[in-house]
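Worksheet for the structure shown next.
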Amino acid sequence: MNVLQAIIIAIVEGLTEFLPISSTGHMIIVSSLLGISKDEFTKLFEVVIQLGAILAVVVFYWRKFLVFDKNRFNFYLKLIVAVIPALILGFLFSKKIDAMLESPLTVGITLFVGGIILLFVDNWFKAPVIDSEEKINIFTALRIGFYQCLAMIPGTSRSAASIVGGMQQKLSRSVAAEFSFFLAVPTMAAATGYKLLKGKELLMAHPENLKLLLIGNVVAFVVALGAIKFFIGAVKKYGFKMWGYYRIVIGLVIIAAILMGYSLEV
């Protein structure tokens, strides 16, 4: 991976991390198109640049994360409880998850199926009763956390899974989207920390790769800031159908390319 490739992958991460279209799936496909070999560092890079996206959430919602008042303890407690399912299942099935990350066909299928779901999700959950984060209780947060675990299948989208889970739990579209952003912080921080811990010897052996990680995180941060603002506005105005159509088209293109003999694996 060179600097230009790192920047392109970071742009993809920043654009797609908080949209319901699967950042992991898009990075897998773009990496294949760019001819980036799937070595241990590229796998680590695609996870660790999520730190930039995490920081974008904290900065965008700094009052939620950094202003301490009587509601802050409950806010953090809900995030801790909601992330527990992902921590447990991610640890237990880490090898299987890593294996699926190398499968463009899995990405194509899950993008397509998830797209169909997004076409109808607005009609399924028409009567939300939770219109602010403060009204989400611990048990609701935990149930959303279980939905988030579906995103361990590449192409599913952590954002889409947790948003659909939130809407099923009677959250409004915008509150479900925002809680998905909040939940991304501990989830992605844990995944990134675990990946860095496993890959510390690799980085120590090749310190030049730290430059690529730094560039990737800075680019992902800047792009993610814009993506968050855009997505919240789009969800309030248009709902999720547009993202459903996008996922279906991209999923079909990937599946068709593989069936026609084009290799998207490096």
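Overview of values
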{"read-out": "Number of the exception - Gly155 against (1) within 25 Å of Tyr76 (Cα to Cα); (2) not in a helix (DSSP H, G or I)", "value": "(1)"}
{"read-out": "Selected residue (criterion: modelled with the lowest pLDDT) from residues of region 138-150 that are open to solvent by 30 Å² or more (accessible area, probe 1.4 Å) and either touching a helix residue (DSSP H, G or I) at 6+ places or on another chain (Cβ under 6 Å) or part of a loop (DSSP other than H, G, I, E, B) (or both)", "value": "Leu150"}
{"read-out": "Residue satisfying all of: in region 113-137; open to solvent by less than 60 Å² (accessible area, probe 1.4 Å) and in a helix (DSSP H, G or I); nearest to Leu252 (Cα to Cα) among these", "value": "Gly115"}
{"read-out": "Filter result for the condition that a residue is open to solvent by 20 Å² or more (accessible area, probe 1.4 Å) and free of Cβ contacts under 8 Å to residues at least 12 places away in the same chain, over Tyr238, Tyr245", "value": "Tyr238"}
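The values are calculated or read from the model by the stated rules, or taken from the named source; none is laboratory data. Just so it is clear, the structure is predicted and the values come from calculations on it, not from any experiment. No Cβ is skipped: glycine too gets one built from the backbone with ideal geometry, and neighbour counts run over all protein chains shown. Accessible surface is based on the protein model in full, side chains and every heavy atom, while ligands, DNA and RNA are left aside. Shrake-Rupley method; radii C 1.70, N 1.55, O 1.52, S 1.80 Å.
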